[in-house]
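The values are calculated or read from the model by the stated rules, or taken from the named source; none is laboratory data. In this text, all values refer to a predicted model and were calculated from it rather than measured experimentally. Ideal geometry is used to build each Cβ from the backbone, glycine not excepted, and the neighbour counts take in all protein chains shown. Protein only, heavy atoms only, side chains kept; ligands, DNA and RNA dropped before computing areas. Shrake-Rupley method; radii C 1.70, N 1.55, O 1.52, S 1.80 Å.
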Amino acid sequence: MTAFLELDGLSVRLGRRDVLRDLTGTLAGRAIGLLGPNGAGKTTLLHTLLGFFRPSSGAARLAGFDVVRESREVRRAVGYMPENDAFVAGISGVRTVAMFAELSGLPRAEALERAHEALFSVGLGEVRYRNLETYSLGMKQLAKLAQAIAHGPRVLFLDEPTNGLDPPARQRMIRLIKEIREAGEIRVVLSSHLLRDVEECCDEVLILKDGRIAALCDLEAERRANRRLVELEAVGGNGDFAGALAGLGCAVAPGIRRRLKVVLPDGVGPRELYRLAGESGVQLRHLAYQRDSLEEIFQRAMENGG
Amino acid sequence: MTVRTRRFRPFEGTPTSTLTRLLVLPRYAWKEAFAGKLVTGAFTSAFLVPAGALVLVWLKHNIAALVNTPFAGGIPLPIDAQFFGWLLVAQSYFAFALTLFVGPSLVSPDLVNGALPLYFSRPISRWQYVLGKLLVLAALLSAITWVPLLLVFVLQASLAESAWIAGHAGIAASILLGSLLLVVFLSLVSMAVSAWVRNRAVARGLLIGLGVVPAVFGQALNEMLDVEWGGVLNVGLAWGRVLEGLFGIPVRAGIPLGGAWASLLTATVLALLLLRRKLKAFEVVR
């Protein structure tokens, strides 16, 4: 996959504070998560990419465009859903979304058509003629998403999209983000301090701490690696199930409560494990893949990174 | 409307031009400007004076219509530069009233509701945003200042003898220049004030205050220091002095013409600087 976000020693100084320091990295995922505690610099990074703040040193390229020299092209390519409440007072949802689509460069008729479409997509089709200030918080979040996708951006910046949402609304937002990602036409950059949101939606993650990159990892690769690491509990047999697993090419280590930690080689999956257990007269009472990988990565990054 | 399937497709067409995008803002803001009945009322009544002037000019050249009236011998009012100057004075009051209603509602709601990041994440600049919003007031104020006044001028020119046109051709330029100054000054100052205080009602109060407080201060300076240049702080007086320079109407402002222009232009530049400072996608907390 080609890189679509390249950071080259990017630093941003706001007032007398260095908010971003020497960020360097290349990201190519379909959905990139920006993780970090509050004040880590996630939103500042998004704003710098949008041209709101000027880098004090270094450079960044988004979708092939330099974020300083080609800021206009960047903003044409991006759909942005800000973290805070943001709406235009006095006009309906559909007019708001259409107006922003027109401001992004769409002709009037196409902008209006896409505004209807975007509002239906996010589930606000029935209330699209109501003024935005009458929307609930969850509806306003969805309207912000609609204005961000209506003009057909190549990149979607989502800043804390599940903020203030109740669990069903959060699920709906996550489902929409996944749908956008799966459609494959829009790259997603999701800034959040919620590990779960990022883990559910993203395949690559950039973890920031105190304005520095604490970790940059490919979640898909981690997931693939995790799919190779299983924990199982075997009961019965002649006591040499570990040896039989080693015979399959697995690396085996003892875990707690008589469980085994097993790294599966390529071509070996649960099916082979069950077959081997059957042949060895062993009952498999527990078999699970490693979980919470992002949490572990995040914890490691917070302890060591920055 | 049919129920649509979810499609997240990029826009493959040709993007619209910068000018087209710029005109999107006034088009959407225009309807908002006329949301209140007061604005519609003020806008409509602003045409009374120019309409009266049109009738007056027509009657002056059609004395037959005044038979059996006290003016059967003709209307004793010269249609000259001063006539148009006083018309512009009258229209500037309506312009100020309209600015009070419309100006603060252009920018402050966007600031209060956090809409600026939505605008500035699009391919438009801060100054294009300002220009787009300014066009709403500019169109509105133009419609009640130079447009009707030029209509009156054209009617007079078409009815009068060619000698009148030769002697008064400069009036059209004065109308345009004076109106342009008024439109830009009022638009920018009202937008800057509303961007600063972020509240429509407070902005309206402050706009009235800006006309009164510096004037009182300037008058106090005049009294204390026994001078006359304190009048440059009086925006109304400065405007009157500019009109005196353009149309020769007697204002007796007591301030030099250059000082009056400098006063209004300085206020306009200060408004631009204030807008530059306040209209940002995000405030940086230092």
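If R₀ is 22 angstrom, what is the calculated FRET efficiency for the pair B:Lys280 and A:Ala89, using the beta carbon separation as r and rounding to 0.05? Display every interim value, and only then the final one.
On the way: r = 19 Å, r/R0 = 0.87.
Between B:Lys280 and A:Ala89 the formula returns 0.70.
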Handout entry: Cα-centre dipole for chain B with unit charges at Cβ (Lys and Arg positive, Asp and Glu negative), debye to 20
Key = 1820
Exercise for the section: Return the distance in nm (one decimal) between the two label points of a simple spin-label model at A:Arg13 and B:Ala64, each offset 7 Å from Cα along Cα→Cβ. Expected result: 8.2
Exercise for the section: Would you pull out the residues with amide H under 5 Å of A:Gly33's amide H, same chain only if 5 or more places away, H placed 1.01 Å from N? Expected result: A:Leu190, A:Asp203, A:Glu204, A:Val205, A:Leu206
Problem - Residues listed by number, region A:41-59, amide nitrogen under 17 Å from A:Ala3 label point at 7 Å toward C-beta - result: A:49, A:58-59
Problem - DSSP loop GluC sites (Glu not before Pro) with at most 10 other Cβ within 10 Å excluded, longest remaining stretch of chain B - result: B:13-160
Fill in the blank from the handout: The answer for A:Val19, listing residues at least 5 apart or on another chain whose modeled amide H is closer than 5 Å to its amide H, is A:Val12, A:Arg13, A:Leu14
Problem - Residues in region B:97-144 that, when all protein chains are in place, have 40 Å² or more less accessible area than the chain alone would give (probe 1.4 Å) - result: B:Asn113, B:Leu118, B:Tyr119, B:Ser121, B:Arg122, B:Pro123
Fill in the blank from the handout: Under the Karplus relation with 6.51, -1.76 and 1.60 and θ = phi - 60°, whole-Hz ³J(HN,Hα) for region A:198-211, x at Gly and Pro, equal 5, 4, 6, 9, 10, 10, 9, 9, 10, 9, 10, 9, 6, x
Practice task
Considering only protein heavy atoms, with the full assembly of protein chains and a 1.4 angstrom probe, order B:Trp196, B:Trp146, B:Trp164, B:Trp261 by accessible area, largest first.
Solution key: B:Trp196, B:Trp146, B:Trp261, B:Trp164
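When the chain is fully extended, how far beyond the present Cα-Cα distance does B:Leu56 get from B:Lys37, taking 0.36 nm per residue of separation?
Between B:Leu56 and B:Lys37, full extension yields 3.9 nm more.
In percent, how large is the relative contact order of region B:154-240, given Cα pairs closer than 8 Å and 6 or more residues apart?
Here the relative contact order equals 15 percent.
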Handout entry: Residue-normalised accessible area of chain B, given per residue in Å² at a 1.4 Å probe
Key = 48
Practice task
Pairs of Cα atoms under 8 Å, at least six residues apart: use those to get the relative contact order of chain A, whole percent.
Solution key: 19
Handout entry: Cα convex hull of region B:182-225, projected area averaged across orientations, nm²
Key = 3.6
Practice task
Starting at the first residue of region B:139-149, write each ³J(HN,Hα) from the Karplus equation 6.51 cos²θ - 1.76 cosθ + 1.60 with θ = phi - 60°, in whole Hz, x for Gly and Pro.
Solution key: 5, 4, 6, 4, 4, 10, 10, 6, 5, x, 5
Exercise for the section: With label points built 7 Å along Cα→Cβ from the Cα atoms of A:Arg275 and A:Val68, find their separation and express it in nm. Expected result: 5.9
Practice task
Calculate one ³J(HN,Hα) per residue across region B:199-204 by plugging θ = phi - 60° into the Karplus curve 6.51 cos²θ - 1.76 cosθ + 1.60, and present them in order as whole Hz with x for glycine and proline.
Solution key: 9, 4, 5, 5, 4, 4
Handout entry: Sulfur and carbon atoms: percent of accessible area, chain A [1.4 Å]
Key = 46
Practice task
Using the charge dipole of the protein assembly as shown (Lys, Arg: +1 at Cβ; Asp, Glu: -1 at Cβ; taken about the Cα centre), state which of B:Ala215, B:Ala35, A:Thr134 has its Cα farthest towards the positive end.
Solution key: A:Thr134
Practice task
Kindly list the residues of region B:40-73 that lie in the label zone of B:Asp80, defined by a backbone N under 11 Å from the point 7 Å along the Cα-to-C-beta vector.
Solution key: none
Handout entry: Given charges at beta-carbon only (K, R positive; D, E negative), |dipole| of the protein assembly as shown in Debye
Key = 520
Handout entry: Å² of accessible area per residue within chain A, as computed with a 1.4 Å probe and no ligands counted
Key = 43
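Please state the shape class of region A:14-88: rounded when a/c is under 1.5, otherwise prolate if a/b exceeds b/c and oblate if not, all from the C-alpha gyration tensor.
In terms of gyration-tensor shape, rounded.
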Completion exercise
For the protein assembly as shown, the charge dipole (Cβ of Lys, Arg +1; Cβ of Asp, Glu -1; about the Cα centre) points to a positive end, and the Cα of B:Leu176, B:Leu275, B:Trp164 closest to that extreme belongs to B:Leu275
Completion exercise
Under the helix-only model (-39500 (n - 2.57) for each DSSP H run of 4 or more, divided by the residues of the protein assembly as shown), the mean residue ellipticity at 222 nm, to 500 deg cm²/dmol, is -17000 deg cm²/dmol
Completion exercise
Out of B:Leu87, A:Ala246, A:Gly36 - ranked by how far each Cα lies towards the positive end of the dipole of the protein assembly as shown, with unit charges on the beta-carbon of charged residues - the top one is A:Ala246
Exercise for the section: Could you pull out the trypsin sites (Lys or Arg not before Pro) across region A:225-295 that fall in loop regions by DSSP (anything but H, G, I, E, B) with no more than 15 other Cβ atoms inside 10 Å? Expected result: A:Arg227, A:Arg257, A:Arg258, A:Arg291
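With a cut-off of 8 Å between alpha carbons and a minimum separation of six or more residues, what is the relative contact order of region A:206-306 in percent?
Relative CO of region A:206-306 lands at 41 percent.
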Exercise for the section: Whenever you get a sec, line up A:Phe65, B:Phe153, A:Phe100 from highest to lowest accessible area (probe 1.4 Å, protein heavy atoms). Expected result: A:Phe65, B:Phe153, A:Phe100
Handout entry: Contact surface A-B: accessible area buried, both sides summed, square angstrom, 1.4 angstrom probe
Key = 4400
Practice task
Within a 10 angstrom radius of each residue's Cβ in B:19-29, how many Cβ atoms of other chains show up on average? Whole number is fine.
Solution key: 4
Handout entry: Unit charges on C-beta of K, R, D, E only; dipole of chain A, Debye
Key = 300
Fill in the blank from the handout: Carbon/sulfur accessible area of chain B, % of total, 1.4 Å probe, equals 68
Handout entry: Per-residue mean of C-beta atoms belonging to partner chains within 10 Å, peptide B:11-18
Key = 5
